[in-house]
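Since the structure comes first, as structure tokens, the remarks are kept for the end.
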Amino acid sequence: MSVTSSDSASHSGALEGSSAALEGSNAKRGLWSSRLAFILAATGSAVGLGNIWKFPYVTGENGGGAFVLVYLLCIAIVGIPIMMAEVMIGRRGGYSPVKSLSQIAERDRLKPAWKLVGAVGILAGFLILSFYSVIGGWAISYVGTTASGQLSGQSADAVGAIFSGLLSDPTTLLAWHTLFMALVMVVVVRGVRSGLERAVSILMPALFVLLLIVVGYAMTTGHFGQAAAFLFQPDFSKLTTSGILVALGHAFFTLSLGMAVMMAYGSYLPKNISIAKTSITVSVIDTGVALLAGLAIFPIVFANGLEPGAGPGLIFQTLPLAFGQMPMGSFFGTLFFVLLVFAAWTSGISLLEPIVEWLEERKGMNRTVSTLGAGIVCWALGIASILSLNLWADFAPLGFVPMLEGKTIFDLLDFFTANIMLPLGGLLVALFAGWVMSRQAMEKELALSPGMFNLWLITVRFVTPVAVAVVFIYNLM
Ligand code: PHE
């Protein structure tokens, strides 16, 4: 079994803790089922800035309801089947993603070319972390901003000015980015996840409750109905082809798919646990957090006459307003941003982990060297994203391509990773599961009823590849 094989345990120091938690929970405490431990690790990766920062602003930029509907469809018919495929490949292979893929491919006499899937994923994770850490830095900085009480009773303009002030200051941004990256590296270098998982089990529900509190406040603004209509009444005239691409890309981003994270976690999932049920649970929690964030933010947007399409600053211009106005707002606000940092942190760890694992396994570096190396290069790349927000705000390196007009380095990193690389990684995973792995092996791993298995197989064989291909081709045209 992958969890106990010494080979798989040694492939990743960082996950040793989690495999220990998986086993420990079975053997000693009985309090945590192994299923719960996996769900916590996977949820820790999935729930992050994607849900609370990115989902509301891309929804706002893409006109609301119709975009949300496409996003939900992408989660259901592309995201969940691919998550199942990733977890299954990981558990079947029992190693790190790159090794699992080539092992399964070899085992089934197929080309190790599938290593490419892991390679795309590792590169995507690296690029994502570089800007993810910058946004994580914004979240850290807002812990202080809310705690200081300077937001209480402020107008939308004043709150907006605080945010623009932050963006215009590269040195401060760099300091917070450095702190965020350091937090991620400290955990990855130690290779202990068990403590984090325990923390996730407390902090994620707490984040959920805080979101509910903000939603409760949002209901008192008198614009809740308008926000709900914005989110859930599809107006297809507002949906563009690029909006569909963003929705698809975001489904991958928010579920941490297409870069083999779930594959890595799957290699620690005990054989008797249902892959379908756990994948669905993680996806439902993740989607729930995103929708709650939307319900928390848009009433504030409308109540204050703000612009739904304000872009990446949306939550930093709306939530502080809410915290500035509600009773005990400084307290709730501080707590909220602490929890947001935490959610971002657990996701950041899962972005760095695959690269470090790969450096260890392939390049024979030890964990400290590989964490430091990958972390520092990623941190340095993050500086380009920081400068995109101020000094290089008008620099659009690929602006000559019509689709990429006006996109800063930060925008380009986000665009290429979330909208191109992750769906491409997901497409390869779907093809691998649909056409390369042996059917018996998959039937055994998934243990679904024949009807459900066939439904899943048809999805990964045809529906997912066609959906991704169609969205890609439409956007190129
Ligand atoms: N899913 C994370 C989020 O929503 C981001 C992430 C993407 C993490 C890909 C790991 C891999 O914030």
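The values are calculated or read from the model by the stated rules, or taken from the named source; none is laboratory data. Quick caveat: nothing in here was measured; it's all calculated off a predicted structure. Backbone-built Cβ (ideal geometry, glycine too); neighbour counts: all protein chains shown. The area values use the complete protein model at the heavy-atom level, side chains included, leaving out ligands, DNA and RNA. Shrake-Rupley method; radii C 1.70, N 1.55, O 1.52, S 1.80 Å.
If we only count helices (runs of 4 or more DSSP H) wholly inside region 253-344, which ones have 1 or more residues that are among the polar types (S, T, N, Q) and open to solvent by less than 20 Å² (accessible area, probe 1.4 Å)?
275-303, 314-325
Does residue 271 fit the bill of being among the charged types (D, E, K, R) and more than 30 Å from residue 403 (Cβ to Cβ)?
The answer is yes for residue 271.
What pairs can you find where one residue is in region 43-54 and assigned to a helix (DSSP H, G or I) and at pLDDT below 95, the other is near the ligand (Cβ under 6 Å from one of its atoms) and not acidic (Asp, Glu), and their Cβ atoms are less than 8 Å apart, with a gap of 6+ or different chains?
44/347; 44/350; 45/256; 45/261; 45/347; 45/350
From 261, 284, which residue is away from the ligand (no atom under 14 Å from the Cβ) and within 19 Å of the chain's Cα centre (by Cα)?
284
Quick check on my filter: what residues within region 217-240 are assigned to a helix (DSSP H, G or I) and surrounded by 13 or more Cβ atoms within 10 Å (Cβ to Cβ)?
217, 218, 219, 224, 226, 227, 228, 229, 230, 231, 232, 238
Kindly list, by first and then second residue, each pair from a residue in region 225-251 that is on the phi > 0 side of the Ramachandran plot to a residue that is buried (at least 16 other Cβ atoms within 10 Å of the Cβ), limited to pairs with Cβ atoms under 9 Å and residues at least 6 apart or on different chains.
Pairs found: none.
Those residues that are touching a helix residue (DSSP H, G or I) at 6+ places or on another chain (Cβ under 6 Å) and either open to solvent by 10 Å² or more (accessible area, probe 1.4 Å) or at pLDDT below 75 (or both), I need them from region 112-131; list them, please.
112, 114, 115, 120, 122, 126, 127, listed by residue number.
Of all residues in region 422-456, which are open to solvent by 50 Å² or more (accessible area, probe 1.4 Å) and within 16 Å of the ligand (Cβ to nearest atom)?
The answer is 424, and nothing else.
Which members of region 42-74 meet the condition of being over 21 Å from residue 308 (Cα atoms) and within 12 Å of the ligand (Cβ to nearest atom)?
42, 43, 44, 45, 46, 47
Among what's in region 328-382 and is farther than 30 Å from residue 152 by Cα and among the aromatic types (Phe, Trp, Tyr), pick the residue that is farthest from the ligand (Cβ to nearest atom).
379
Within region 390-405, how many residues turn out to be out of contact with any Ser or Thr (no Cβ under 8 Å at 6 or more places or on another chain) and in contact (Cβ under 8 Å) with a residue 40 or more places away in the chain?
Looking only at that region, the number is 1.
Out of (1) out of contact with any Asp or Glu (no Cβ under 9 Å at 6 or more places or on another chain); (2) modelled with pLDDT of 90 or more; (3) within 12 Å of the ligand (Cβ to nearest atom); (4) of a type outside the set (Phe, Trp, Tyr), the odd one out for residue 143 is which?
Tallying (1) out of contact with any Asp or Glu (no Cβ under 9 Å at 6 or more places or on another chain); (2) modelled with pLDDT of 90 or more; (3) within 12 Å of the ligand (Cβ to nearest atom); (4) of a type outside the set (Phe, Trp, Tyr), residue 143 fails exactly one: (3).
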